[in-house]
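Everything on this sheet refers to the single structure shown next.
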Amino acid sequence: MIYETAHAKINLTLDTLFKRDDGYHEVEMIMTTIDLNDRLSFEIRRDNKIVVEVEQNYVPSDHKNLAFKAAEALKKHYNIKQGVTIRLEKDIPVSAGLGGGSADAAATLRGMNRLFNLNLSLEELCQIGIKIGTDIPFCIYSKTAICKGKGEIIELLNKPPSAWVIIAKPDVGISSPDVFKSLTLESDYRVHTAACLSALKSGDYEALCQSLSNRLETVSHKMYPEITKLKENMLNSGADGALMSGSGPTVYALAKNERQAKHIYNAVNGCCNAVQLVRLLG
């Protein structure tokens, strides 16, 4: 039996530069990990099947599950004749902008690499992962990084200064493709990529909080104004910085000390079902 942990991610920045010929957007985004995770175990089967066991009935266990897709891709690419049972314990909310499905797929690629003694590098796993989802290469490394291209060009960065993170997901579902379809690149929203890189390099927490920026935030806000209300609530409750992660709808706040973090947690807990208080990892 092989075990892997799949950490959730948050975007510190997210910029879309232009529409590519392949239909994807060219992105430039800085992401890091938080202490919120799913847990996976992997066991070889005597037949050739992929079986995903997951308790939550709202999480698919077939080819719609990214962990299933990752297992299928790896088996096909390396002609693996044995099957695998994947047991998945989920704590990362689904369709939240926290990369839960991508983290599960990344953990599956890492876990099966060990289970079948493939001895593949993380770079080789990324080449398989990017065909399944754009956040998967980042999740394979699961550190702090700037990601470019459509997500496959990874440059590791210094981890952020230690801080508390308040994660709040409004009770709405957002489709990433719909958000990207509604995106107009002509908008004058500024993404502070250079400032964020500088803050991470110097370990400047205040500068990091000032640099948080996500071009998709205004698009998702038009669909669901509660995203902006949640962010304003966090900032008014003493957050050092707040931002929507990914295409949303989850909004997170950063706080330097625990008392401050608990105050923000209590302030948003009344208006949001899914609220969690965790630490930055990176």
>> Suppose a student asked you for the relative contact order of region 2-156, using Cα pairs under 8 Å spaced at least 6 residues apart; what percent would you report?
In response: 29
> Which of Ala67, Ala195, Ala106 moves most in a GNM of the chain, Cα contacts under 10 Å?
Replying inline: Ala195
> How much solvent-accessible surface does His77 expose, in Å² to the nearest 10, with a 1.4 Å probe and all protein chains in place?
Replying inline: 110
> For the chain, with every protein chain kept in place, what is the accessible area per residue (1.4 Å probe, Å²)?
Replying inline: 47
> When the distances between all Cα atoms of the chain are binned every 10 Å from zero, what whole-number percent does each bin get?
Replying inline: 7, 30, 35, 21, 7, 1
>> Tell me the accessible surface of Thr13 in square angstrom (1.4 angstrom probe, heavy atoms of protein chains only), to the nearest ten.
In response: 0
>> Apply the a/c threshold of 1.5 to the C-alpha gyration tensor of region 2-156 and tell me whether it is rounded, prolate or oblate.
In response: prolate
> Restricting the count to DSSP beta bridges whose residues both fall in the chain, what percent are antiparallel, rounded to a multiple of 5?
Replying inline: 85
> Based on the Cα atoms of region 163-280, what semi-axes does the equivalent ellipsoid have, where each is the square root of 5 times one gyration tensor eigenvalue, given in whole Å with the largest first?
Replying inline: 23, 20, 10
> How many angstrom separate the Cα center of region 1-36 from the Cα center of region 225-253?
Replying inline: 18
> Taking 0.36 nm per intervening residue step and subtracting the Cα-Cα distance, what contour gain separates Asp91 from Lys222 on full extension?
Replying inline: 44.3 nm
> Out of Met29, Met234, Met223, any idea which swings most in a Gaussian network model of the chain, alpha carbons joined below 10 Å?
Replying inline: Met223
> What accessible area, in Å² to the nearest ten, does a 1.4 Å probe give for Tyr3?
Replying inline: 150
> How high is the relative contact order of the chain, given as a whole-number percent (alpha carbon pairs under 8 Å, six or more residues apart)?
Replying inline: 23
> Do the sum for the chain: with -39,500 (n - 2.57) for every DSSP H run of n ≥ 4, divided by all residues, what is the mean residue ellipticity at 222 nm, to the nearest 500 deg cm²/dmol?
Replying inline: -10000 deg cm²/dmol
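The values are calculated or read from the model by the stated rules, or taken from the named source; none is laboratory data. The structure presented is a predicted model; accordingly, all values stated were derived computationally and were not measured. Note: areas computed on protein heavy atoms with side chains; ligands, DNA, RNA excluded. Shrake-Rupley method; radii C 1.70, N 1.55, O 1.52, S 1.80 Å.
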